[in-house]
Amino acid sequence: MQCPCGSGQTYHDCCQPLVEQQQLATSPEALMRSRYSAFCLANTDYLVATHHPDFRSADLALGLKQDQTQWHRLQVIFSCSSQDEQTGIVEFKAYYREGEGLGILHERSNFVKQDGRWYYTDGEFSPASLKRNSACPCGSGKKLKQCCGKA
Ligand SMILES: [Zn+2]
Ligand SMILES: [Zn+2]
């Protein structure tokens, strides 16, 4: 089975060890991809476990269980993490089936590392595009285009 995250690898070699909680994600992007795969596979346990406890709503698990969204494809637009590897950002578009066509969820998600594990905290929907000349969100002090935004 191809990995739902669209990496081109098999699920076994890609997100499965993370989703089954045998391995920890080594980067915000790896966590984000594995969470997308968990969404596709309706693995609520993993989605709750990787959602930072301070940012979980009381009805998070219930909402995830009731979610009927049929995810189609993931496109990671941008990802970076701070130099101390404690915070990270992943911007993506996730396409889902909507009637005859596709809807798009465009989000810039925030991640933090705590006790050696990356967690999703929150995200901004339909964010304004990052300017290639503005400071990179990883906090390096370099311009985005010279840092994590290199094509
Ligand atoms: Zn994957
Ligand atoms: Zn950067």
remark   = Expected vector for the range 113-128, Karplus 3J(HN,Hα) from phi with 6.51, -1.76, 1.60 and θ = phi - 60°, integer Hz, x for Gly and Pro, equals 9, 9, 6, x, 10, 7, 10, 6, 10, 7, x, 10, 8, 6, x, 5
message = So, for the chain, what is the accessible surface per residue at a probe of 1.4 Å, expressed in square angstrom?
response = 58 Å²
remark   = For the chain, the longest principal axis of the Cα atoms and the Cα long axis of helix 28-40 enclose an angle in degrees, to the nearest 10, of 20 degrees
task = Identify all lysines with a Cα-Cα distance to K143 below 25 Å; exclude those on the same chain that are fewer than 8 residues away in sequence.
result = K93, K113, K131
For the chain, radius of gyration divided by Kirkwood radius, i.e. Rg to Rh on alpha-carbons = 0.96
task = Tell me which residues come under 5 Å, amide H to amide H, from F78 once H is placed; ignore anything under 5 positions away on its chain.
result = E91
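In whole percent, and with a 1.4 Å probe on the protein chains, what portion of the accessible area of the chain is carbon and sulfur? Please list the in-between numbers first.
On the way: 3990 of 8720 Å².
On the chain, the fraction of accessible area on carbon and sulfur atoms equals 46 percent.
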ask   = Once you charge only the Cβ atoms, +1 for Lys and Arg and -1 for Asp and Glu, what is the size of the charge dipole of the range 16-150 about its Cα centre, to the nearest 20 debye?
value = 700 debye
task = Have a look at S126, A42, H72 and report the one farthest towards the positive end of the charge dipole of the chain, computed about the Cα centre with Cβ charges (Lys/Arg +1, Asp/Glu -1).
result = S126
key: Net charge over other residues, Cβ less than 12 angstrom from the Cβ of Y36 (K, R count +1; D, E count -1)   = +2
request  = Output ³J(HN,Hα) for the range 135-145: one whole-Hz value per residue in order, computed from phi by the Karplus curve 6.51 cos²θ - 1.76 cosθ + 1.60 with θ = phi - 60°, and x for Gly and Pro.
outcome  = 5, 5, x, 6, x, 6, x, 8, 6, 3, 5
task = For the chain, set up a Gaussian network in which alpha carbons nearer than 10 Å are linked by springs, and say which option among D115, D13, D45 fluctuates the most.
result = D115
inquiry  = Suppose every Lys and Arg Cβ carries +1 and every Asp and Glu Cβ carries -1, with no other charges. What dipole size does the range 26-85 come out with about its Cα centre, to the nearest 20 debye?
reply    = 280 debye
query = Around G123, which amide H atoms from residues at least 5 apart in sequence, or from another chain, sit under 5 Å from its own amide H, with H modelled in the peptide plane?
reply = N110
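The values are calculated or read from the model by the stated rules, or taken from the named source; none is laboratory data. Please read these numbers as outputs of a predicted model, since none were measured by experiment. No Cβ is skipped: glycine too gets one built from the backbone with ideal geometry, and neighbour counts run over all protein chains shown. Side chains are part of the model used for accessible areas, which takes the heavy atoms of the whole protein and leaves out ligands, DNA and RNA. Shrake-Rupley method; radii C 1.70, N 1.55, O 1.52, S 1.80 Å.
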